[in-house]
Structures are given as structure tokens and as C-alpha cells.
Amino acid sequence: MKITQINREVCKQLRVDMNEAIKAKLEEYGLEGEFLNGSFDDELVTFKVDIKIAGAMDKHDKQLSGSLSWYAKHMANTFELDEELILNEEYLHGREKYKLVGYNSKAKRYPLIMENIESKKRYKFDESIVRNNLLRRVA
């Protein structure tokens, strides 16, 4: 198939095909990556490409992790507890157990990113889940 004009559908298909094409070569080098969103006009498409070491955190996860360190220090000072305790604690919400994996400092209402210990799915929470759990521990 010869492409004579670039449009949204062509871009979507190109991205899928290009991701399939680079997957094996990246694995050969021990890397992971993909073509992401881009911009286009009738004759040109520009994709953003992310390539990282296999298993490494992406840019967003690194940012959440860095903010989490700050949050753990803040909570450790507030409750006079060890930082590691806050980071390794299992937090109960209903009958489910969660682990603290990130902190989004830009999110006002639900800044905590927590991972369900059983399902490994991530959810956003407000700070009350950590505060209530730590208050019970201190009391």
C-alpha cells in the first residue's frame, strides 16, 4: 500500500506497524520502547519515541517515585516514624490491602498512587488512608 496523503487513520496505522517493527530489535538490545503520539500535516508525521532499559521506570513513574520520597519524609516527620515504615506499610481500605507506590504532588484531591497487593492494579487515593493508618499505629 502506497500512502499519498497523511491523515489521522494513516498515523494510527503507522504507529501500530512501527511499534511491531521495532519490538524485536529493541529486545535484542535489552530495551523497551514505542512510538507515541505525534503531530502531522498532509505530508509529514512526527512521532514521539520512548526507549528505555527493559524493566526500567518510565519518566512519569520516576517523577511519582521522587515525589513519594518527599511525601514519606514529610509523613515520617509529622508522625515521628521511620520513612521506611511508611513506604513498606500495607494500608487497608475496606478489605483490600494496598502499598504506597507514588505521590502526585500536582493532584490536589487524590495525590496518592497505591497498588493493590493482590491484583497489582494501581489506584488513586486521598491522603486520609495513610494518615488514618499511621494515627492508629501511633496511638
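Hey, which of these cross-link pairs are over 20 Å Cα-Cα: LYS2/LYS48; LYS62/LYS106; LYS12/LYS120? The answer is LYS2/LYS48; LYS12/LYS120.
Inter-label distance, ALA56 to TRP70: 2.3 nm, where each label sits 7 Å from its Cα along the C-beta direction. Look at the dipole of the chain built from charges on Cβ: of MET114, PHE125, GLN13, the Cα furthest out on the positive end belongs to PHE125. Only one of (i) 1.03; (ii) 1.22; (iii) 1.46 was calculated from the structure for Cα Rg over 2.2 N^0.38 Å, and its label is (iii). Applying a threshold of 25 Å to the alpha-carbon distances of LYS52/LYS73; LYS73/LYS124; LYS23/LYS59; LYS25/LYS121 flags LYS52/LYS73; LYS25/LYS121 as lying beyond it. If you take the beta carbon distance between MET1 and THR46 as r and set R0 to 25 Å, what does 1/(1 + (r/R0)^6) give as a FRET efficiency, to the nearest 0.05? It comes to 0.75.
Of the peptides 32-38, 8-14, 51-57, the order by per-residue mean of other Cβ atoms within 10 Å, starting with the highest, comes out as 32-38, 8-14, 51-57. Restriction of the trypsin sites (Lys or Arg not before Pro) in the range 105-139 to DSSP coil positions whose beta-carbon has at most 12 other beta-carbons within 10 angstrom yields LYS106, LYS108, ARG109, LYS120, LYS121. Please work out the C-alpha center-to-center distance from the range 1-48 to the range 96-139 and express it in whole Å. So the two Cα centres are separated by 36 Å. Computed from point charges on the beta carbon alone (+1 for Lys and Arg, -1 for Asp and Glu), the dipole magnitude for the chain about its Cα centre is near 480 Debye.
Taking a straight line from the alpha carbon of LYS97, these aspartates and glutamates sit under 12 Å away, with near neighbours fewer than eight places off in the same chain left out: GLU89, GLU115, GLU118.
Read-outs: derived from the displayed coordinates by stated rules, not from any lab. Keep in mind that what you see is a predicted model, and the values were worked out from it rather than measured. Counting neighbours? That spans all protein chains shown, and the Cβs are built from the backbone with ideal geometry, glycine included.
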